[in-house]
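Take a look at the structure set out below.
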Amino acid sequence: MTICLPALDPDVLARRDAISAALRAIVPDGVLTDPVTLRAYECDGFTAYRQLPMLVVLPENTAQVSAILRYCDDHGVKVVPRGAGTSLSGGALPLGDAVLLGMARFNRILSIDYELGTAVVQPGVTNLAVTRAVEGQGFYYAPDPSSQIACSIGGNVAENSGGVHCLKYGLTTNNVLGVEMVLMNGEVVRLGGNTLEPRGLDLLGVVVGSEGLLGVVTEVTVRLLRAPQTARAMLVGFPSVESAGQCVADVIAAGIIPAGMEMMDEPAIHAAEAFVHAGYPLDVKALLIIEVDGSQAECSHLAAEIVAIANRNAATCVRVSTNETERMKFWAGRKAAFPAAGRIAPDYLCMDGTIPRRRLPEVLRRISELSTRHDLPVANVFHAGDGNLHPLILYDANQPGQLERAEQFGNDILRVCVEVGGVLTGEHGVGIEKRDLMPVMFTAVDLEHQQRMKCAFDPQLLLNPGKVFPQLHRCAELGRMHVHGGAVPHPELPRF
Amino acid sequence: MTTMSHPHTPADVQELIEIVRSASAAHTRLQVMGGGSKRGIGFPNRQTSLISMTKFDRIIDYDPHELVITVGAGARLAAVQALLAKHEQMLAFEPCDFAAAIGEPHGATTIGGVVGAGFAGSRRVSAGNVRDHMLGFTAVSGRGDEFVAGGRVVKNVTGYDLPKLMCGSWGQLAILTQLTLKVLPRPRVTITLDALDLGEDDAFAAMIRAARSQCEVAAAAHLPRGMLDEHSHTLVRLEGFGPSVEARAAALAELLREARLARVNADDSAAAWSAIPAGLMRDSARADEVLWRIVIPSTAGARLCASLRELESRYCADWAGGLVWARTPAALTADKLRSLAEECGGHATMLSAPHAYRASAPALHPEPPAIAALTRRVKIAFDPAGILDPQRFATGEA
């Protein structure tokens, strides 16, 4: 356990009863304080770290969220927002002296406009529920994180979630047009709307992916896409990672942006096949699953082109799905890759760096070397089209020292990602998991520019503190100016 | 519009930092400029020194296989597009070449200017906005500090997404020096289908039906009579691989049977799309007119345009009705035009107008008080001394 959380504030803990009474006055049936009940909230999808919240509050409307936040802001109480709790980076990890604000009761789809191609939904609605609600009319919501059956739209907004289809259709940020959001001081604001360009600064662009640090989203307007006529998946096996990587590069060079392009290495293929029997070839070093979608003509044409490219790259196994059942079967192994890893080891850490695609063979080689050095096995799955790696580090938390070794291994992988020109996280968020690595990618000055955004939204730093940024700087300290000749220019301007 | 005749032309980041810090110390204000085509947007008579970014014009990194390009903010849009075209790639948001749009000499527009204004072109409906392609940047903030945000890969959620914030920030938060943009393969085949002389309501309905169909429409626009010629044109563009485009063109023609879509040849197609909004400027003799860019939900396009007709304004519609460029008589006040845009659920940006009219109202649509206050706090975070042309759109904050 190497990640530290902000020290508990004894003053707040001493006021716990008063705080819970005040929140109960706002949400009479929605304040949880019983330790057994709180246990359900002790972690999110990043299960290596657990912490009971001081208490949980479950509001059901915007007015309640506003009142809760205003109370906490007035009384110096920290708040950790939580959607469905599927974050893989600890974004919703509770703090022992904070109110955990659960948004699960915001579970209604408010309106759907097929002519405009938008839906207005509450943040607790699950990702998949949006598509389920509109598929009868031939529409869908494009971002499809693996957890889509459970994860909520509000959480997707907080994390800017991706999925296997974001190569062609974008992340959450590219598919959200507007939000209603409550600021830490209780103010309710609307950012964006239902038009294709925002009015004024693109604050919505910053809020999406802000990991619950800027505000609590209470309503989301998403863009609906027309479901493609058809889709086809291809399963392509290669004798080496290099040839698979070259195939990916050649597909892009041919001007093709597939709906999804996934790669698995040998350990991942074997784990997935043993788990779901998807019919994956076991005599290959790398497997690509490439999906194309659109009209029948589009799919036939692109499938033929991709098969030809695969064959030119020494593919030893090329199969094209001929029906939906087969397509889903091709995907079954990839979609089950995480639980499959869970079957071959008691615990695993899922990493999430992005690299320039051309560096893939080199990065995989270095991950393999690190695996030897840290003496822990690793299986690699990744979104090959956009260079987003998901190495799964396998370990056993019951063996002393293994969690720490796994964390070190993961940090080393992410350092490699940054070193080759990539980034720490492609879609899972920084949370607490990668928080202390932020200086690998950003200078102190870079981080200060980001943290001042936080100050504009939440000057007391009460919303989800201890996440994303390795150091908490008071806003007054961040606001300091370079002073020239002893005078601050424009002294009439308000400052923090 | 500005007082200094000789713009600063920093050659590197260090010089830029010095200029910003000196301005901060001397209590002067700075207006950043690329090609200069958008200098007329905003209140007139602001006291600023110009910073020309033309020396930041390098292509810094471009590997076509990575679908990413990093360029200096002062790089010419035309040069970047030519380079990408050589590799069969493009900026998919179809940047609006504003100089061409308002009839100024073509070719001066810079990438930094495109991002600063955040104006995407016709392909916005299918490929996203400028912000959807902005991956990372280096800049000097109003504090005189160089900083980076985002990254140089297509998928990244590390830290706040400040690259999006920079799009449409008009140089008021930071002066961009380098930016990294996502690029995409150019379509192998483009077909434009044209419906002549549809009634206005039918034209808007046809665009929406096309955009919501499975035909993957790349762009849809409506040019009323007089924009191109004596006919009105309702245009739908399809892009992609040959067999797919052909199949979708056939499906679309069937779906919109009553519109009698006809295929346009390549030259006419290019001319038609580039007439948005340049066609509105064809008879630019009337100097007392105001050019607006109005963004609304596409389903309100027909209603907005009907009102504009009654107000003796000319217009054309892009984004399947979600973007209306309008030329209105100066007698129509900004408040009146803006309440019309608001009734339709949208907002309006004033792009060019007679001097007195520009002085009468902010160029950007005013925001509700809570958002205006939040925006002010964000601006102060980047530019606490208020040196980055804070009076361009608002008089109250400096």
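The values are calculated or read from the model by the stated rules, or taken from the named source; none is laboratory data. All figures in this text were calculated on a predicted structure; none of them were measured in a lab. When we count neighbours, we look across all protein chains shown, and the Cβ atoms used for this are built from the backbone with ideal geometry, even at glycine. The accessibility values were calculated without ligands, DNA or RNA, using every heavy atom of the protein model including side chains. Shrake-Rupley method; radii C 1.70, N 1.55, O 1.52, S 1.80 Å.
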### Among the candidates A:G178, A:G193, A:G200, A:G170, residue that is out of contact with any strand residue (DSSP E or B) (no Cβ under 9 Å at 6 or more places or on another chain) and surrounded by fewer than 24 Cβ atoms within 10 Å (Cβ to Cβ)
A:G170
### Summary
Exception for A:V188 within (1) within 22 Å of A:F457 (Cα to Cα); (2) open to solvent by less than 30 Å² (accessible area, probe 1.4 Å) falls at (2)
### Query
Does any residue of the range A:242-250 turn out to be part of a loop (DSSP other than H, G, I, E, B) and either within 20 Å of A:H428 (Cβ to Cβ) or more than 19 Å from the chain's Cα centre (by Cα) (or both)?
no
### Query
Based on what the data block shows, is B:L374 surrounded by fewer than 20 Cβ atoms within 10 Å (Cβ to Cβ), more than 23 Å from the chain's Cα centre (by Cα) and not assigned by TED's automatic domain parsing to the domain that holds B:V140?
no
### Task
Please work out if B:L238 is among the hydrophobic types (A, V, I, L, M, F, W, C), away from every other protein chain (no Cβ under 14 Å) and either open to solvent by 10 Å² or more (accessible area, probe 1.4 Å) or part of a strand (DSSP E or B) (or both).
no
## Note on the structure
Log entry, pairs with first residue in the range A:162-188 being closer than 13 Å to A:D386 by Cβ, second being of a type in the set (D, E, K, R) and outside any loop (DSSP other than H, G, I, E, B), beta carbons closer than 7 Å, six or more apart or on different chains, reads A:V164/A:E262; A:L167/A:D386; A:G170/B:D132; A:N174/B:D132
### Query
Does any residue in the range B:129-145 that is more than 9 Å from B:K164 (Cβ to Cβ) and more than 9 Å from every other protein chain (Cβ to nearest Cβ) come within less than 7 Å, Cβ to Cβ, of a residue that is open to solvent by 20 Å² or more (accessible area, probe 1.4 Å) and part of a helix (DSSP H, G or I) six or more places away or on a different chain, and which pairs are these?
B:V140/B:V13
### Task
Exactly one condition in (1) on the phi > 0 side of the Ramachandran plot; (2) without any contact (Cβ under 8 Å) to a residue 12 or more places away in the chain is not met by B:G171; state its number.
(2)
### Task
Working carefully through the options A:V307, A:V381, find the one that is within 20 Å of A:A274 (Cα to Cα) and open to solvent by less than 40 Å² (accessible area, probe 1.4 Å).
A:V381
### Query
When you look at A:L235, is it within 11 Å of A:V176 (Cα to Cα), open to solvent by less than 20 Å² (accessible area, probe 1.4 Å) and not in a loop (DSSP other than H, G, I, E, B), yes or no?
no
### Out of B:R303, B:R314, B:R309, sole residue that is of a type in the set (D, E, K, R), surrounded by fewer than 16 Cβ atoms within 10 Å (Cβ to Cβ) and more than 20 Å from B:A127 (Cβ to Cβ)
B:R309
### Query
Mind checking which residues of the range B:351-389 are in contact with a Lys or Arg (Cβ under 7 Å, 6 or more places away or on another chain), more than 13 Å from chain A (Cβ to nearest Cβ) and in a loop (DSSP other than H, G, I, E, B)?
B:D389
### Query
Which residue out of A:A253, A:A227, A:A249, A:A233 is small (G, A, S) and more than 8 Å from chain B (Cβ to nearest Cβ)?
A:A233
### Query
Just to be sure, is B:V324 within 9 Å of chain A (Cβ to nearest Cβ), of a type in the set (V, I, T), open to solvent by less than 20 Å² (accessible area, probe 1.4 Å) and touching a residue at least 24 places away in the same chain (Cβ under 8 Å)?
no
### Task
Would you please name the residue that is farthest from A:I252 (Cα to Cα), looking only at residues in the range B:193-225 that are away from chain A (no Cβ under 14 Å) and assigned to a strand (DSSP E or B)?
B:L196
### Summary
Scanning the range B:51-87 residue by residue, those within 14 Å of chain A (Cβ to nearest Cβ) and hydrophobic (A, V, I, L, M, F, W, C) turn out to be B:I60, B:L67, B:V68, B:I69, B:L84, B:A85
#### Entry: Verdict on B:R21 being under 24 Å from B:R143 (Cα atoms), basic (K, R), assigned to a helix (DSSP H, G or I) and touching a residue at least 40 places away in the same chain (Cβ under 8 Å)
yes
### Query
Quick one: which of B:S352, B:S360 is open to solvent by 10 Å² or more (accessible area, probe 1.4 Å) and touching a residue at least 40 places away in the same chain (Cβ under 8 Å)?
B:S352
### Task
At least 3 residues that are open to solvent by less than 40 Å² (accessible area, probe 1.4 Å) in each: list the helices (runs of 4 or more DSSP H) lying fully within the range A:5-64 that qualify.
A:16-26
### Task
Report the residue count in the range A:113-128 for those that are more than 19 Å from A:V217 (Cα to Cα) and open to solvent by less than 60 Å² (accessible area, probe 1.4 Å).
3
### Query
If the Cβ limit is 6 Å and pairs must be 6+ apart or interchain, which residue in the range A:311-324 that is under 13 Å from A:I290 (Cα atoms) pairs with which residue that is part of a helix (DSSP H, G or I) and of a type in the set (K, R)?
A:S321/A:R327
### Query
Only one residue in A:I413, A:I432 is farther than 18 Å from A:S210 by Cβ and either open to solvent by less than 10 Å² (accessible area, probe 1.4 Å) or at the interface with another protein chain (Cβ under 7 Å from one of its Cβ atoms) (or both). Which one?
A:I413
### Query
Within the range B:105-118, can one find any residue that is open to solvent by 30 Å² or more (accessible area, probe 1.4 Å) and within 14 Å of chain A (Cβ to nearest Cβ)?
no
### Message
Could you check the range B:76-96 and list, in sequence order, the residues that are in a helix (DSSP H, G or I) and either of a type in the set (D, E, K, R) or open to solvent by less than 10 Å² (accessible area, probe 1.4 Å) (or both)?
### Response
B:L77, B:V80, B:L84, B:K86
### Message
Checking the condition surrounded by fewer than 20 Cβ atoms within 10 Å (Cβ to Cβ), within 17 Å of A:Q460 (Cβ to Cβ) and in the same structural domain as A:V36 (by TED's automatic domain parsing), which residue from A:D74, A:D97 passes?
### Response
A:D74
### Summary
Counting only residues that are open to solvent by 10 Å² or more (accessible area, probe 1.4 Å) and of a type in the set (A, V, I, L, M), the range B:194-213 contains a total of 6
